[in-house]
Amino acid sequence: MSEKFQVVVIGGGPGGYVCAIRLAQLGLKTACIESRGSLGGTCLNVGCIPSKSLLKLSEEFHNVKGLANKGIEIGDVKLNLDKMMKNKNKAVTVLTKGVEFLLKKNKVTYLKGHGSLKSKNEILIKDDQNKETVIQTEKIIIATGSVPVSFPGVEIDEKIIVSSTGALKLDKVPKKMIVIGGGYIGLEMGSVWSRLGATVEVVEFLDHITPGMDKEISSEFMKILKKQGMKFNMQCKVETIKKNKSGAVVSIVDKDGNKNNLECDVVLISIGRKPNTEGLNLEAVSLDIDERNRIRTDKNFKTNVENIFAIGDVITGPMLAHKAEDEGIAVAENLVGQSGHVNYDTIPGVIYTSPEVASIGKTEEQLKELNQDYKVGKFSFMANSRAKAIDDTEGFVKILAHKKTDKVLGAHIIGPHAGELIAEIGIAMEFGASAEDIARTCHAHPTFSEAVKEAALSVDKRAIHS
Ligand SMILES: Cc1cc2nc3c(=O)[nH]c(=O)nc-3n(C[C@H](O)[C@H](O)[C@H](O)COP(=O)(O)OP(=O)(O)OC[C@H]3O[C@@H](n4cnc5c(N)ncnc54)[C@H](O)[C@@H]3O)c2cc1C
């Protein structure tokens, strides 16, 4: 007789493992299937965590070289890439093992192997020795995440033509790297290799980077990246990518039809990610997918099959780890009759470059499109005393508030610790706060968060320090 569970989660990423832990906390007999050999999904293994490790270390490498100008002379600064990679790998191992410990602690059964649907209550698991097991379950949560997209006919070898996964483990610093796609993954990885010594050139189809971001922030971001040495080919389409003896040639054409061949030793293709439904055998239960191959769900994450649910990158919405986690918790709570809920209006997005960029809620462009009257408050880090004190003054805070009610509708920050500062606005928005609520909250001095307070004051044109 095969083992029987109340709920089985397929996929051990931030959506899946968090969901499994919450289900077990709520008293359900739960299993989590993961095919990768380690838990934590894209995020911990080949995404958020390794990229942030390299971003931090490469930033330190870059900064330390500039310290002599500030009176700290420490001689020759050399890069040991091998050690840097080992450090990154250590962070990944510690965290993925930590998730394994958490599953155990919460009594979630961790099943290693590839899961596929055999019927609506049976899952076939094939392990890395091709041994097959079938388990029974009352309910199924699909949390199989996403995988990188490439161009048709272009093979990603993860050495010369790489996805983000290859860009996280290059064994030497490329002389020249072409990044195709000016989204957050390309710009983060481009920043890493640029700081370590590569010449980085971005090819972007649109006329702006980071699509979907508030345009004013996106323009400022591009200006800063250019100042850091990154080059941009905007409104350019990639025609071919061909490997040669020394690396690769990316042939591009701009909006006026001018062609250009960009030679490089590494090409990073970061043009997006697609939902991962490969090998799930969705046909066995006639599970609905949409035109972009995402599993279709209702607002309670239920698919067209009564007992099957889906969350995270494999469904609609921003492909972000915290969005997947929150959906994991919401679906688990819904399954025991609680009111699990995700507020899609307050999901922050952060780009961990230097300076960081962070957004929440509506952009100015979206408010215009909605015909929503709004007020804008802005405050530059140039006028923030903490930023001044440590000479980290690039960027600004922008808060958008409802014209009549003053309710905060969105906030966009480019500057030091933007990824941490945005959390304050997230809480404010969850509580339906007005810009004045933020402005009247006492903020410690001297902190970067005072720039948030001043931007909130500036919504009603009463900032003090500008
Ligand atoms: C380079 C990079 C940097 C990123 N940085 C950030 C960041 O800073 N912040 C952020 O919020 N997001 C970031 N992301 C995005 C983030 O990693 C994803 O949004 C998040 O991991 C999605 O979680 P998930 O649980 O839906 O899927 P995943 O994390 O993709 O996990 C799905 C898991 O399911 C497993 N799986 C798939 N099919 C099966 C099957 N049939 N059987 C068993 N197991 C299966 C996969 O092996 C995988 O481990 C980054 C992504 C990349 C690539």
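No value in this document is a laboratory result; all are computed from the given coordinates. The shown structure was predicted, so the numbers you read here are calculated from the model rather than taken from an experiment. Positions of Cβ are backbone-derived with ideal geometry, glycine not excepted, and every protein chain shown enters the neighbour counts.
Provide the per-residue ³J(HN,Hα) series for the stretch 362-375, in order, calculated from phi with Karplus coefficients 6.51, -1.76, 1.60 and θ = phi - 60°, each as a whole number of Hz, with x at glycine and proline positions.
7, 8, 4, 4, 5, 5, 4, 4, 7, 6, 8, 6, 9, 10
Quick one: check the C-alpha center-to-center distance for the stretch 384-454 versus the stretch 290-366, whole angstrom.
The distance from the Cα centre of the stretch 384-454 to that of the stretch 290-366 comes to 25 Å.
Calculate the tail of P(r) for the chain: the fraction of all Cα-Cα distances greater than 44 Å, expressed in %.
Here the long-distance tail beyond 44 Å is 17 percent of all Cα pairs in the chain.
Report the FRET efficiency, 1/(1 + (r/R0)^6), for GLN366 and LYS104, where r is their Cβ-Cβ distance and R0 is 45 Å, rounded to 0.05.
Once rounded, the FRET efficiency stands at 0.55.
How much length, in nm to one decimal, is gained on full extension between ASN69 and LYS83, taken as 0.36 nm per residue of separation minus their Cα-Cα distance?
2.4 nm
If the stretch 1-137 were replaced by its equivalent ellipsoid, with semi-axes equal to the square roots of 5 times the Cα gyration tensor eigenvalues, what would those be, largest first, whole Å?
Its equivalent ellipsoid spans semi-axes of 42, 15, 10 Å.
Would you compute, from DSSP H runs of 4+ residues alone, the mean residue ellipticity of the chain at 222 nm, taking -39500 (n - 2.57) per run and dividing by the full residue count, rounded to the nearest 500?
Theoretical 222 nm ellipticity from helices: -9500 deg cm²/dmol.
For the pair GLU263 and GLN235, what calculated FRET efficiency results from E = 1/(1 + (r/R0)^6), where r is the Cβ-Cβ distance and R0 = 22 Å, to the nearest 0.05?
The formula returns an efficiency of 0.55 here.
Identify all lysines with a Cα-Cα distance to LYS404 below 27 Å; exclude those on the same chain that are fewer than 8 residues away in sequence.
Straight-line reach from LYS404, under 27 Å: LYS215, LYS362, LYS368, LYS375, LYS378, LYS453, LYS461.
Rounded to the nearest 20 debye, what is the charge dipole size of the stretch 294-452 about its Cα centre when +1 sits on each Lys and Arg Cβ and -1 on each Asp and Glu Cβ?
Charge dipole, the stretch 294-452, about its Cα centre: 420 debye, nearest 20.
Could you work out how far apart the two model spin labels at ASN281 and VAL376 are, taking each label as a point 7 Å from the Cα in the direction of the beta carbon, and quote it in nm?
The two pseudo-label positions are separated by 5.5 nm.
Taking Cα centroids, how far is the stretch 222-252 from the stretch 44-68 in Å?
Measuring centre to centre over Cα atoms gives 22 Å.
Amide H of SER434: which non-local residues (sequence gap of 5 or more, or other chain) have their own amide H closer than 5 Å, using H built in the peptide plane?
Close amide H contacts, sequence-distant or interchain: VAL408.
Considering lysine pairs in the stretch 100-187 that are 8 or more places apart or on different chains, how many have Cα atoms under 21 Å apart?
Pairs that pass both the separation and distance tests number 16.
If you place +1 on the Cβ of every Lys and Arg and -1 on the Cβ of every Asp and Glu, how big does the dipole about the Cα centre of the stretch 1-83 come out, in debye to the nearest 20?
It comes to approximately 220 debye.
Apply the Karplus curve 6.51 cos²θ - 1.76 cosθ + 1.60, θ = phi - 60°, to the phi angles in the stretch 274-289 and return the couplings in whole Hz, x for Gly and Pro.
10, x, 9, 10, 4, x, 7, 6, 4, 4, 4, 10, 6, 6, 6, 10
Would you kindly state how much longer the chain becomes between LYS4 and ASP460 on full extension, computed as 0.36 nm times their sequence separation minus their alpha carbon distance, in nm to one decimal?
158.1 nm
Calculated FRET efficiency, LYS97 and VAL336, Cβ-Cβ r, R0 30 Å, to nearest 0.05?
For R0 = 30 Å, the calculated efficiency reads 0.55.
Show which lysines lie in cross-link reach of LYS70 when reach means a straight Cα distance below 18 angstrom and same-chain residues fewer than eight apart are skipped.
LYS388
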